Amino acid sequence: MSSPGVAQPALSARPRQGRLLGGVCAGLEPVLGVPVGLVRFGFLLGALAGGFGIAAYVAGVVLLPEVDGPPAPTRRRDPIELAAIGLILAGGFLFCRASGLWVSDVVAFPGVAAAAGVALVWGRAPERTAILAGRGGPLRIAVGVTLVVGGGVAFLAATGDVGALGRSLALGAVIVVGLLLMGGPAVGRLVGALRTERRERIRSEERSEISAHLHDSVLQTLALIQVRAGDDREVQRLARRQERELRSWLQGRSPGSAATTVASLVGSLVAEIEDDHAVRVELVAVGDAALDDRLWALALAGREAVQNAAHHAGVASVDVYLEVEPQQAALFVRDRGKGFDPASVDPDRRGLVESIQGRMTRAGGRAEVRSSLGEGTEVELTVPRAP
Amino acid sequence: MSEGGPEVGARQGGPAPTDDATGARTAEGRPQRPESVNRPRVVVVDDHQLFRSGVRAELGSSVEVVADAGTVESAVAAVEVHRPDVVLVDVHMPDGGGAAVIRRVHRDRPDTRFLALSVSDAPEDVIATIRAGARGYVTKTISGVDLADAVRRVADGDAVFSPRLAGFVLDAFADGGGAASVDPELDQLTPREREVLRLIARGYAYKEVARRLTLSVKTIETHVSSVLRKLQLSSRHELTRWANERKLL
């Protein structure tokens, strides 16, 4: 399995999506930096050149591993590069032709035309089922089909007489029409059935995805909660984490995605603390903004403040309020815990307070701590927004 | 939903309803007002039996839970029979949820007050329930003491804002009305209301807000009720747009 961010292997792999046969050409596309249509065209030409292309293709199927996921995006080459590649290919074939590694011209040139047509029709299509979806649409297909038909006619014209061809074309057309009339309704029903089957499959895939998720997360957590039934802190921690996870899943957020805004960053930092300290942190965020250095500092200082409260205040819940305005951003961390007398702070706690203050000062903001014994503590952090 | 909301809110937000609707009730020998002020009579509406009995236990003796109901139908019937001071409604129920109960009951009993109780943090749910006529919104993780407190507050005609609801309102009214505002009085918050909401969002209780701003608790309650009225009556299209946008985050 390859995932985004992991380096692609130096050699290629055959993707399961977006391929026509074995995926060799689709897999070579990113390596060669040539559109897949050209790669296919090259293989077809090679196949005509004494069957070399077929052997190369089979070797590709055997040697290259299969992977899930669409092929990596192609590095597009400029037209001059493409022309150069085309000339090299053409030169190769002329060489093959001169040296006798060649089926007769009668086969080769119509074959090249037909291959070019096929490449044109399928080359840019993202999927086999959507030939119309690629760039250029109908025109591209018309040109491609003309090339294929023209190649076929040329081949027949060179090998037999065209009059016979005309008669057999008419015969072929009659047979096709007859078959369509007889089989049409049946085909229609078949297509309908396939569509229904496809819908059913999608639905059952969705269901199994949901059930897989519930197994992984909710049932797992419920089992853990039963095991830990005596341990209140642990049970609460488990339940809270599951709640968070389920909420973000329901909202369609992926759990691992990196935070890009200050509200999502504070959210994920706070979630870590909830997990580590078995404390409930109520986060209310008003406004949001993309992260910059100052907002990073605000969020990190806020984390220390929440951690501090979770550690020392002796409370089950902490309130965090984030407010992002055009001129400034503010973060309030409040607990109703035992509080402390700011005049006589124990050294441990002072260290934390100073680290928060230092962080905020460096970011051009400020930190204010209000606390008194028995009344709880509130830390107020503010930074100006970048002009 | 919003056609029902505004009128309803106006009646609730205004002075105590005159006795034309309540005349029949005293004839039936319902406990007189002084007693019910001390112990509000409550109907709990939630589709989970487990949760209903949990709330009963949590509320303890400080309020009187007269009935509970698991569907919109039975909730409407229970309100008819028991005429509670406060109905605790779940936002999400299979047959329409709290907003449906509120809308149906309000037609006949405009003096019944509603407090929404939900696991949902989704702004569109919260705003919809408030605009249907609920006097407040609390999450289901609230402690029993706090819940009883909230019920009493709603019974007295005040509004109950959780920190989250306060945050929603600040966010929704953030741009201060704008030029397209139809009714500036309804479409923006005063600086004082903003200040009060900000403190609530920071986790301050009304009493603490009052001390911080050196105002009386009564004044704070007035400010919050006025914010509730704006939330219910404002025709700001930003409110809906905001809720829908937040849904996508």
TODO: Name the long-range amide H neighbours of A:VAL318: under 5 Å, sequence gap of 5 or more, or other chain; modelled H, no Pro or chain starts.
DONE: A:ARG280, A:VAL281, A:GLU282
Open item on the list: Below 12 angstrom from the Cβ of A:LEU269, what's the summed charge of the other residues (Lys, Arg +1; Asp, Glu -1)?
Closed with: -4
Open item on the list: Do any residues of the range B:186-215 show a loss of at least 20 square angstrom of accessible area between the isolated chain and the full protein assembly, using a 1.4 Å probe, and if so which?
Closed with: B:ARG198, B:ALA201, B:ARG202, B:GLY203, B:TYR204, B:GLU208, B:ARG211, B:ARG212
Open item on the list: Probe radius 1.4 Å, ligands and nucleic acids left out: can you give me the accessible area buried at the B-A interface, summed over both chains, in Å² to the nearest hundred?
Closed with: 1600 Å²
- [ ] For the range B:30-136, build the convex hull from the C-alpha positions and give me its volume per residue in Å³.
- [x] 94 Å³
Task: Average other protein chain Cβ within 10 Å of Cβ, residues A:282-290 - done: 5
Task: Intensity falloff of the range A:256-387 expressed as log10 I(q)/I(0), Debye formula with alpha-carbon point scatterers, at q = 0.13 Å⁻¹ - done: -0.49
Open item on the list: Once you place label points 7 Å from the Cα toward the Cβ at A:GLN328 and A:LEU94, how far apart are they in nm?
Closed with: 7.7 nm
Task: Estimated FRET transfer efficiency when R0 is 45 angstrom, pair A:ALA289-B:ALA57 (beta carbons, to 0.05) - done: 0.55
Open item on the list: Give me the percent of accessible area attributable to carbon and sulfur for the range B:71-198, probe 1.4 angstrom.
Closed with: 54 percent
TODO: List the residues of the range B:144-166 that lose 10 Å² or more of accessible area once all protein chains are present, compared with their chain alone (1.4 Å probe, heavy atoms only, no ligands or nucleic acids).
DONE: B:PRO163, B:ARG164
Task: Portion, in percent, of the accessible area of the range A:284-341 that falls on carbon or sulfur, probe 1.4 Å - done: 48 percent
- [ ] For the range A:188-271, calculate the relative contact order in percent as a whole number, restricting contacts to Cα pairs under 8 Å that are 6 or more residues apart.
- [x] 16 percent
Task: Burial order of peptide ranges A:204-217, B:159-172, A:313-326 (average beta-carbon count within 10 Å, highest first) - done: B:159-172, A:313-326, A:204-217
Task: Charge context of A:ARG240, other residues only, Cβ under 15 angstrom, K/R +1, D/E -1 - done: -3
Open item on the list: How large a share of the accessible area of the range A:148-229, in percent, is made up of carbon and sulfur atoms when the probe is 1.4 Å and the other protein chains stay in place?
Closed with: 68 percent
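The values are calculated or read from the model by the stated rules, or taken from the named source; none is laboratory data. Worth saying up front: this structure is predicted, and the values here are computed from it rather than measured. Please note: Cβ atoms are built from the backbone with ideal geometry, for glycine as well, and neighbour counts cover all protein chains shown. For the accessible areas, the whole protein counts, side chains as well, though only heavy atoms, and no ligand, DNA or RNA atoms are used. Shrake-Rupley method; radii C 1.70, N 1.55, O 1.52, S 1.80 Å.
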